[in-house]
Amino acid sequence: MSFSITDKAVEKAKSIRRSLQLPETHVLRVGLQGGGCSGFKYDIDFIEAPADENTYKFIEKDGFRVLCD
């Protein structure tokens, strides 16, 4: 599996995280859940970085971290 994030997306995500008053240690989690018309729906949220990071795939760009479970 491979995914990437654009510079513009990083900029916007950092802005949203600031507006939610979340610390910079929170990461953007992207996942899929069963349900929806096509069988899956995206689950996107800011979470505290997990203690066991080996369970997830991370990407990092400009100091911003995204994880996919």
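Tabulated data
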{"item": "Rounded D (µm²/s) - the chain, Kirkwood Rh over Cα pairs, Stokes-Einstein at 20 °C, 1.002 mPa s", "result": "166 µm²/s"}
{"item": "Computed over the chain: relative contact order in percent, which uses C-alpha pairs under 8 Å that are six or more apart", "result": "32 percent"}
{"item": "Calculated from backbone phi, Karplus (6.51, -1.76, 1.60) coupling profile of the stretch 15-29 in Hz, x at Gly/Pro", "result": "5, 5, 4, 5, 5, 7, 6, 9, x, 5, 6, 6, 10, 8, 9"}
{"item": "Within the chain: Cβ-based charge dipole about Cα centre, in debye rounded to nearest 20 (Lys, Arg +1; Asp, Glu -1)", "result": "280 debye"}
{"item": "Positive-end residue of Ala9, Asn54, Leu22, charge dipole of the chain with Cβ unit charges", "result": "Ala9"}
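Coordinate-derived values only; no laboratory data. Predicted model only: the values in this text are computed from it and were never measured. Neighbour counts are summed over all protein chains in view; Cβ atoms, including those assigned to glycine, are modelled from backbone coordinates with ideal geometry.
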